[in-house]
1. Need at least 3 residues that are under 24 Å from B:LEU339 (Cα atoms), β-branched (Val, Ile, Thr) and over 21 Å from the mean Cα position of the chain (by Cα) per element, so show me which helices (runs of 4 or more DSSP H) inside region B:1-104 make the cut, counting only ones lying wholly within it.
2. Identify the residue in region B:183-237 that is in a helix (DSSP H, G or I) and acidic (Asp, Glu) and, among all such residues, is nearest to B:GLU17 (Cα to Cα).
3. Being in a helix (DSSP H, G or I) and free of Cβ contacts under 8 Å to residues at least 40 places away in the same chain is the filter here, so list the residues in region A:295-339 that pass it.
4. With the condition kept exactly as written, say whether any residue in region B:119-137 is touching a helix residue (DSSP H, G or I) at 6+ places or on another chain (Cβ under 8 Å), away from every other protein chain (no Cβ under 14 Å), in contact (Cβ under 8 Å) with a residue 24 or more places away in the chain and in a loop (DSSP other than H, G, I, E, B).
5. Conditions: (1) surrounded by fewer than 23 Cβ atoms within 10 Å (Cβ to Cβ); (2) modelled with pLDDT of 95 or more. A:VAL103 meets all but one. Number of the miss?
6. Of all the residues that make up region A:42-95, how many are of a type outside the set (Val, Ile, Thr) and part of a strand (DSSP E or B)?
7. Taking B:ARG143 as the residue in question, decide whether it is over 19 Å from the mean Cα position of the chain (by Cα) and at pLDDT below 95.
8. Helices (runs of 4 or more DSSP H) wholly in region A:194-285 with at least 1 residues that are within 24 Å of A:ALA45 (Cβ to Cβ) and at pLDDT 95 or above - which ones?
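The values are calculated or read from the model by the stated rules, or taken from the named source; none is laboratory data. Values in this document were obtained by computation on a predicted structure and should not be read as measured data. Glycine gets a Cβ as well: all are built from the backbone with ideal geometry, and neighbour counts include every protein chain shown.
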Amino acid sequence: MSDAQLICELPRVQELAAAWDALAAINAAPESSPAWMLGWWRHVAPAGAELRVVAVHDHDELIGIVPLYVEPDGRRPGRYRLLADDLSGCTTPLALPNRAWEVAEAVARTLTISEPRPSVLELAPLPAVSPWAMALRERWPGRFRPIAYRADLADVPTVSLHQPSFDAWMQARSSRFRNNLRRYRRRFEQAGGTERISTAETVAADIQTFARLHAARWSGRRSRLVELGERLPLLLGEVAQALLPEERFRLLILEIDGEPICAYLSIAAGGEVVAVNLGWDERFRHLSAPRLAILSMIEEGFGQGDRRFNLGWGRVDYKREFTNGSDAAKWEVLLPVGSQLPPTLARAAPAIASRRMRQSAKRLLPAAEVDRLRVLRKRISRARQ
Amino acid sequence: MSEAELIVEEARLEELEDAWDTLAVANAEPASGPAWMLGWWRHVAPSGSQLRVVAVHDHDELIGIFPLCTEPAEPHRYRLLAHNFGCCVTPIAMPGRAWETAELTGRILATAEPRPGAIELVPMPAVSPWVTALRERWPGRMRPIVYRTEFYTVPTISMHGRSFDAWVQGCRPHFRANMRRYWRRFGEASGNARFSTAETMAADAETFVKLHAARGAGRGASRYLTVAESLPAFLEGLARDLLAAGRFRLLILEIDGEPICAEFCIAGGGETLDVSFGWDERFKHLSPRTLSGYRMIEEAFSRGEDRFNLGRGLDDHKGSLADGADVSISEVLLPCGPLLGSALARAAPRVARERVKQALSEEETSSVRNLLRRVGLSPG
């Protein structure tokens, strides 16, 4: 018989870290590992947020965990979100294989009596095949299931590492791709380029390098990582401490004559490698550093026996060159039926309408018009900033 | 560059059998492979149904397959092959290629003849990306309307990284004691359990049909009984394709050489799917159904498989064996177009029934059912 516990204190959650991490590995969900989520909680979570982690045990075994937090009072009362949702490409509740629906049922029962009473449950960004939104909705106790809507859906380019080796993977690519990448590597070496993955000795300095290069690259544009400022090295330092010994924290540094020109960070669990982000020095644009970094990360993935390299949602040309597959991430929202439903619906309506309009515009307008609107939206958003 | 092909001839589909089976194994979906689906098409599909299978290739490699057929009475209604044969079925694709396959399938289906008015993806695993992917990638100005009709619990046994003995140890002491007693009693009655071989297959298939029919008599419709005449040929076809690889297992329990229970499973990619069984009520005291299920699980463990799928529905027998559950769902896409109105009209009563069922408690549902019966309306 499974038993759900609502945990609101960090020390109690930390006690579960090892079992939680095992679930993250089984589910191949690096951004749902305790290292990433609890690191986020300590260094990034908004002040005043409250921890609401539901852990489900069968006897003494942790069979599932739904790591949530409640937004600080005053914003939207009773808004529950997944930990690290604003900093991750993909987060998800976790369960042992074939236990997700049982866990969802136990979690739903616990959440209905949690304080504050949930008025919104945001499960995002989830993998497209995730059963959690459906399972929580269907297993929600009471006469009425929560209202559910999908706030967004995004493509996630991926690289399948199912070939027997990196060389076999390269052979399966087009000859043009191979020639280009060979040329980039040659050019990089001729310019005195070297690459290395951070070790315990170099990681502190390398994280600073990553933060610096990322900030330089995103100067003048909005980046969640840049907004973190001093908190970014603290978060990454903590994640590195937990994952580096198992080679699951991979920070690749490309250097020219000892000077870092590109830093690319990914984390891994259960055969899935997720690209967190990168930074690079525009002065070395001619060396195609991002492409070289992705190539090296893929090679590292093969070396580590991983199954998939997830490049993160968002379409960028250099990502598309590498992908041989795609997945999707979805933003699902549940609105439990109760006294809070009318104001919650009223608040959600503009976002739902905006998403519907965006989707309709994409389908109804020619691609050039859609691009024009996209540029316009970016300009307006920059002007607002 | 990937390309999609609409296949309407069985002969063309047979050419893809090996590659299709590879996909079924890669997805651990034994009932979505060619042995099961083409077997159903050859021996079970309603006459007048037309094949509409979309195969997606990247250069010469099959990367995805969307196996559909039309409904003879409603030719605008597309359904998955083997949709009504007791197992979860699904389109399949290579890892990471489902969305691409769905996009190309949507493009082909949007112009297929007869024009699809409803695409029923029924019953599919709940974690399947296909409904979302097909809907989001459907071409044209409007995405199809989607509705969900049913949920089923699918009890499972997780075998990954465990031995059979470890699984038995994890079961309740009461269950273990019972099993020991059942086996002892079965042995004392000169019982014997054996798996069908190529040599015994023809006779064993007939045995299965006979026992299944005897067990099902008076218990309402079994889909297998409505096609009883074709069933031996269907089973023999499965055996031809899967027996040599150990992926078709027909277990026969006998007392003094007389068959008292028959049960069959299919397997692929680490998933064993317990499909159906039949047994002789006269031997009820020997618990043959429990024994055969237990033996099937032992066999799956010995083959190093990852999961034993006990099939849709939860009963006492499955409940005593399962240590997890999956869910299968029934979802229907209604593409927008001239057929939408009639498709919506047909869907409305079904959707309304489900909504009412969800809103009511079990007691209330059963009261409504009784009331409908009393006034002479079928609740079906």
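1. Values: elements: B:10-15, B:17-26, B:34-43.
Result: empty, no element qualifies.
2. Taking region B:183-237 first, the residues in a helix (DSSP H, G or I) are B:183-188, B:201-216, B:223-226, B:231-237.
Applying the additional criterion that residues be acidic (Asp, Glu) yields B:188, B:204, B:206, B:236.
Working: B:GLU188: 46, B:ASP204: 26, B:GLU206: 26, B:GLU236: 17 Å.
Applying the filter and picking the extreme gives B:GLU236.
3. Our first condition is that a residue be in a helix (DSSP H, G or I); within region A:295-339, this holds for A:295-304, A:317-322.
Once the filter is applied, which keeps residues that are in a helix (DSSP H, G or I) and free of Cβ contacts under 8 Å to residues at least 40 places away in the same chain, region A:295-339 yields A:ASP317, A:TYR318.
4. No.
5. (1)
6. So in region A:42-95, the residues of a type outside the set (Val, Ile, Thr) come out as A:42-43, A:45-52, A:55, A:57-62, A:64, A:67-69, A:71-90, A:93-95.
Remaining after also requiring part of a strand (DSSP E or B): A:50-52, A:55, A:57-58, A:61-62, A:64, A:67-69, A:79-82, A:94-95.
Selection size over region A:42-95: 18.
7. Values: over 19 Å from the mean Cα position of the chain (by Cα): yes; at pLDDT below 95: yes.
Judged against the criteria, B:ARG143 is a match.
8. Values: elements: A:203-217, A:224-227, A:231-243.
Of the helices (runs of 4 or more DSSP H) lying wholly inside region A:194-285, those with at least 1 residues that are within 24 Å of A:ALA45 (Cβ to Cβ) and at pLDDT 95 or above span A:203-217, A:231-243.
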